[in-house]
Amino acid sequence: MSTPSSVLTDDTRLSRADRLLLRVEALLNLASGITIFALVLLAIANVLLRKFLNAPVPGYIDWTEQFMAIFAFLGLAYVQREGGHIRMDLLVGKLRGRLLWLFEFLSVLFMLLVTTALIYGAWFHFDRSFDWNAPNFSTDSSIDIALPLWPAKLAVPVAFTLLWLRLALQLWAYGRAIRTGAERPVAVPLIEDPAEQANKEAATVAD
Amino acid sequence: ATEWNVSVWGKRRAFTEHIEKMAEIVAEESSGEFTMAISYGGLSNNRENLDGISIGAFEMAQFCAGYHRDKNRAITVLELPFLGVETLEQEVAVANAVYGHPAVAEEMAQWNARILMTSPMPQYNIVGTGEPRDTVEEFDGMRVRATGGIGSVFESVGAVPTSVTATEAYNSMESGVVDSVAFAQHAHLSFGTIDIADWWTENLNPGTVNCPVVVNTDAYEALSDEHRAILDAAVEASIDHYLTNYAELLEGWETTLSEKGVEKVTVAPEEIAKMRENAGPIHEAWIEEATSNGLPGQELYDLTVQAVSDNAPSN
Amino acid sequence: MDALIDMKALLEGVDVFTMSLWLSGLLLVLVVIGVRVAFAAAFIGFLGLCLFFMQKQGFDRGLVTAMKTVGQIPHSKATQYALSLIPTFILIGYLAYYAGLTRYLFEAAKRWVGWVPGGLGVATVFATAGFAAVSGASVATSAVFARIAIPEMLREGYDKRFAAGVVAAGGTLASLIPPSAILVIYAIIVEQSVGKLLLAGFLPGMVSALIYGGLVIGLAKIRPSLGPAVGGYSWGDRFRALPGAMPILLVVFIIVYSIYFGWATPTEAGALGAGVVLAMAVWQGMRFGQLKGALMEAAKLTVMIFAMIWGVLIYVRYLGFAKLPDAFATFIAGLDYPPYLILLAILLAYVVLGMFMDAIGMLILTLPVTFPAVMALNGGVGGEPGSLGMTNEEAAIWFGIIVVKMAELCLITPPIGLNCFVVAGVAQDAKMDISVSDVFRGASPFFVADVITVAVLVAFPGIVLFLPGLL
Ligand code: NA
Ligand code: NA
């Protein structure tokens with residue numbers, strides 16, 4: 001069901017950096033998926049324990065909300081690497097060559113700017129909930145069973161930082177593509193031509 | 001002209017009437033030179049109002065201590081179960097006594113905040129389905145939707161605190177996921193739990209939440225002397241308005257009970273005493289934890305207990 | 001920077017409300033030039049907050065306040081319990097795919113209704129309606145059926161835009177037919193019974209499916225080139241297709257049973273459904289690698305949707321500071337027209353807003369304004385019906401269904417329509433030659449169908465209120 005990625009690779013420094021980053025990103029995305037799975041199991045456990053033993057999971061909602069910060073953010077950079085964040089391709093779908101890479105460069109630059117602000121803000125959001133001298137290092141806690149919130153809040157700036165690295169790498173890649181005018185640069189998600197698409201589709205079916 | 005942004009949540013209700021009143025008074029007294037724009041959820045989530053104040057995103061906000069105990073450990077003393085508070089007037093007096101303690105001011109200062117006034121909430125009595133439960137024994141095995149300290153005290157007599165959201169409380173009680181729900185009256189009304197309840201405990205009074213209204217310290221100090229005086233002076237009239245308004249709501253409560261066919265359960269004093277006994281260790285634990293946090297735990301606790309008895313409604 | 005730029009002086013007298021309209025226009029430009037939507041919205045929200053705070057606090061402090069304000073929103077908004085349903089239902093979608101449920105459903109629908117004009121389109125509508133009974137997220141439903149129904153329709157020579165449009169629109173049924181994440185969100189915002197709202201969505205969901213089906217038949221009759229009927233199935237073939245689709249009934253039974261007999265809250269019931277579907281998928285021989293694949297895909301889609309939610313909510317937070325909702329409330333309250341005309345105006349405003357916004361963002365932004373406006377419009381006191389012919393309690397449920405239908409409409413209207421993006425995304429992922437604009441064009445007739453549905457629900461509120469009335 002998952003199809004081969006449309007990101008090309010070669011043995012340049014750029015592409016090696018891309019694959020190195022991908023290894024971390026894919027691992028975190030899997031962690032995100034496993035968290036979703038764990039959440040389902042937790043809910044089932046809560047229902048069954050409550051029904052049969054009259055002993056529901058204490059603070060079930062608090063725990064769920066902590067898990068949510070993990071699955072909502074860990075995969076951010078991976079999705080960007082695969083070109084999975086949705087966008088309107090009305091205009092860029094029609095562009096080719098340097099002009100296309102210019103638009104892609106600008107687009108990633110906007111993302112990088114707002115991500116920089118988000119890293120700063122999310123870090124301080126974490127920082128307000130964390131204190132080396134407080135019990136459990138906590139200065140913010142959940143409503144029911146007072147779980148410390150800082151671990152979940154820390155996941156956010158970490159995920160944004162990884163996304164920042166990915167965006168910086170894409171700027172590098174698009175910048176190089178603008179310079180070289182390459183039709184099919186490495187390390188960025190590409191819009192495929194029909195022949196290539198057909199080949200890859202055949203490959204998925206054979207799998 | 002000065003405009004303050006005020007962050008509250010939900011919709012306009014008895015719980016926010018003092019803030020509405022304050023905006024009215026302040027605008028009037030300053031001839032429109034000092035106004036407040038009250039936003040119901042547009043500026044922040046309810047659990048991040050203190051963060052917003054600390055950042056300086058808005059000038060005034062309301063929050064409940066129990067939403068995030070670690071953010072405001074000192075005032076959680078007001079949320080301890082079975083403090084024995086009976087009326088809203090008493091609630092206000094006790095809250096003001098605690099707010100006046102330097103440890104509270106210091107903790108709020110870490111958030112760049114300064115407490116302006118409280119938002120007194122009635123005690124979280126429980127509604128339930130099935131046979132009325134009026135003894136501690138009958139609480140054994142009862143699934144109750146109650147969070148924090150109130151949940152703990154129910155747990156201590158064998159009840160089962162069950163985690164469901166406030167919005168799912170109605171559905172959960174209806175289907176039997178929980179047997180009972182602890183809320184203040186207005187929440188029993190707005191979440192509809194009263195509609196399907198068979199009974200309501202009128203005098204269990206297990207505790208409540210404490211919800212101050214705070215201002216951003218910089219913004220407060222930046223006010224002109226005249227405006228600051230207007231703001232400070234408006235507190236009393238705002239609280240009076242709140243209490244009058246809530247009293248009307250509570251009058252309607254009796255009618256609501258009889259309309260919905262909800263039985264008023266009176267728990268015998270000796271039964272309440274049994275539960276209050278179990279609240280003892282929870283109080284002890286609070287003092288111990290507060291002290292280990294560098295707060296004057298015993299002092300805050302004694303202050304609270306003293307204020308409760310000093311302000312007991314005269315019979 | 002304060003020494004270099006005096007932002008307070010520069011922004012002196014700039015009207016915040018006007019500024020918010022300009023920035024909203026700029027957001028549109030960013031989206032059109034292809035900036036990822038979540039980040040375009042976040043960027044504009046951040047920019048707006050910068051200007052808002054700099055006007056008050058100068059450049060340096062204003063910038064810090066803006067960064068700290070936007071920095072709270074992702075964690076704060078993404079960790080709301082009600083939203084935990086979303087990944088659960090996405091996972092159900094992928095697991096159901098491995099359990100063969102979606103394929104069986106589509107196959108059964110094809111054999112039963114494929115013979116009508118535009119048969120595979122009608123089959124898609126009914127299969128998505130069936131799947132809606134286990135899925136609570138319309139985006140996930142569209143994503144799953146994009147993988148199954150579109151390739152099949154393309155094989156039968158269906159018009160690619162039409163095929164993609166049916167899937168995008170069919171997915172929206174998942175938000176009316178219970179379980180439904182967005183109805184839960186509505187219930188939370190306006191503090192109404194989740195159970196009543198979920199029950200209220202059932203009949204309108206059915207009506208909506210029938211209207212979609214009718215529309216597909218009508219279109220296919222007018223333009224046979226859209227796609228042929230797929231006939232030639234005997235009654236034997238039809239009945240043989242049913243057992244495969246039966247497990248969906250089992251899942252529905254478990255969800256309904258567990259909610260109504262006190263096993264689970266509506267939110268937890270979703271997880272029970274996921275558990276059952278997981279067991280089925282394992283029984284069907286799902287391998288570990290496939291489970292890992294499903295988890296990777298579910299995570300990807302979840303992250304994408306959540307980014308959309310917090311991204312849009314950063315922009316919405318800015319609108320909150322710019323007091324756009326207040327401006328709207330004042331506007332509505334000042335109107336001196338018949339109630340149904342004002343209601344129509346509100347619904348039209350939703351159509352316009354819905355073009356640019358995501359469904360959840362739009363509800364969160366507008367309900368604090370429109371809900372009280374509609375309640376005031378109805379004006380029922382106590383148990384007395386108001387000017388819309390309903391008690392206020394009934395009107396609250398009824399308006400929920402109407403507004404969710406409007407929000408679903410915004411998932412299929414350009415330029416921002418999540419369902420269409422997701423269908424195009426899946427199509428691109430599966431290397432089908434379908435662009436976002438193809439999907440939008442294909443979905444446009446369903447806009448008409450939705451308008452008819454809303455009109456029917458306004459004319460006959462009983463369709464909404466009958467089932468919750470039984471509670
Ligand atoms: Na559904
Ligand atoms: Na739209």
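One table, with the values for the structure above:
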{"read-out": "Given C:LYS110/C:LYS300; C:LYS196/C:LYS405; B:LYS71/C:LYS323; A:LYS153/C:LYS77; A:LYS94/C:LYS431, the pairs whose alpha carbons are separated by over 19 Å", "value": "C:LYS110/C:LYS300; B:LYS71/C:LYS323"}
{"read-out": "Percentage relative contact order, the range C:1-79, counting C-alpha pairs under 8 Å, at least six apart", "value": "36"}
{"read-out": "Per-bin percent of Cα-Cα distances, the range C:335-462 [5 Å]", "value": "2, 10, 19, 20, 17, 12, 8, 6, 4, 2, 1, 0"}
{"read-out": "Calculated FRET efficiency for the pair B:GLU86/B:GLU270, C-beta based, R₀ 22 Å, to 0.05", "value": "0.80"}
{"read-out": "Cα-based Rg and Dmax for the range C:371-425, where Dmax is the largest Cα-Cα distance (Å)", "value": "15.7, 49"}
{"read-out": "Principal axis box of the protein assembly as shown, alpha-carbon based, largest edge first, Å", "value": "86, 72, 58"}
{"read-out": "Along principal axes, Cα extents of the range C:1-139, largest first, whole Å", "value": "73, 34, 22"}
{"read-out": "Å³ per residue enclosed by the Cα convex hull of the range C:112-190", "value": "83"}
{"read-out": "Directionally averaged shadow of chain B, computed from the convex hull of its alpha-carbon atoms, nm²", "value": "15.7"}
{"read-out": "Alpha-carbon Debye profile of chain C, log10 I(q)/I(0) at 0.08, 0.09 Å⁻¹", "value": "-0.48, -0.61"}
{"read-out": "Sorted by Cβ neighbour density within 10 Å, fewest at the top, the residues C:MET1, A:MET111", "value": "C:MET1, A:MET111"}
{"read-out": "Value of D in µm² per second that Stokes-Einstein yields for the range A:13-188, Kirkwood Rh from Cα pairs, at 37 °C (0.692 mPa s)", "value": "177"}
{"read-out": "Per-pair calculated FRET efficiency, R0 = 30 Å: B:GLU226 and A:ASP127 via Cβ, rounded to 0.05", "value": "0.20"}
{"read-out": "Alpha-carbon Rg with Dmax, taken over the range C:54-125, Å", "value": "23.9, 68"}
{"read-out": "Max mean-square fluctuation residue, GNM over chain A, Cα-Cα springs under 10 Å, options A:PHE73, A:PHE126, A:PHE137", "value": "A:PHE137"}
{"read-out": "Centre separation in Å (Cα based) which lies between the range B:54-75 and the range A:74-151", "value": "25"}
{"read-out": "Taking B:HIS186, B:HIS283, B:HIS18 and counting other C-beta atoms within 10 Å, the order from fewest to most", "value": "B:HIS186, B:HIS283, B:HIS18"}
{"read-out": "Centre separation in Å (Cα based) which lies between the range B:126-147 and the range C:83-162", "value": "46"}
{"read-out": "Over the range C:419-461: Kirkwood hydrodynamic radius from C-alpha pairwise inverse distances, Å", "value": "11.7"}
{"read-out": "Cα pair count fraction exceeding 22 Å, expressed as % - the range C:167-238", "value": "45"}
{"read-out": "Per principal axis, descending, Cα span of the range A:48-92 in whole Å", "value": "58, 17, 14"}
{"read-out": "Cα shape, the range C:1-79, gyration tensor, a/c 1.5 rule", "value": "oblate"}
{"read-out": "Most fluctuating residue given options B:ALA182, B:ALA159, B:ALA95, as computed from a GNM of chain B linking Cα atoms under 10 Å", "value": "B:ALA159"}
{"read-out": "Ordering of C:40-49, C:23-32, B:204-213 by packing [mean C-beta count within 10 Å, highest first]", "value": "C:40-49, B:204-213, C:23-32"}
{"read-out": "Relative exposure of B:THR162, B:THR2, judged by other C-beta atoms within 10 Å (fewest first)", "value": "B:THR2, B:THR162"}
{"read-out": "Hydrodynamic radius of the range B:149-277 per Kirkwood, over alpha carbon pairs, in Å", "value": "17.8"}
{"read-out": "For chain B, share of DSSP beta bridges that run antiparallel, in % to the nearest 5", "value": "45"}
{"read-out": "Stokes-Einstein diffusion coefficient of the range B:111-176, Kirkwood radius over Cα pairs, 10 °C, 1.306 mPa s, in µm²/s", "value": "115"}
{"read-out": "Distance in nm between pseudo-label sites at A:LEU102 and C:VAL352 (7 Å out along the Cβ direction from Cα)", "value": "3.5"}
{"read-out": "Contact order normalised by residue count of the range A:13-188, Cα under 8 Å, 6+ apart, percent", "value": "30"}
{"read-out": "Sum of -39500 (n - 2.57) over DSSP H runs of 4+, divided by residues of chain C (222 nm, nearest 500)", "value": "-25500 deg cm²/dmol"}
{"read-out": "Selected from A:TYR78, A:TYR60, A:TYR174 as most flexible by GNM, with chain A as the system and alpha-carbon contacts under 10 Å", "value": "A:TYR60"}
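Read the figures in this text as sums done on the coordinates, not as results from a lab. As the structure is a prediction and not an experimental result, all values here were calculated from the model. Note: ideal-geometry Cβ built from the backbone for every residue, glycine included; neighbour counts use all protein chains shown.
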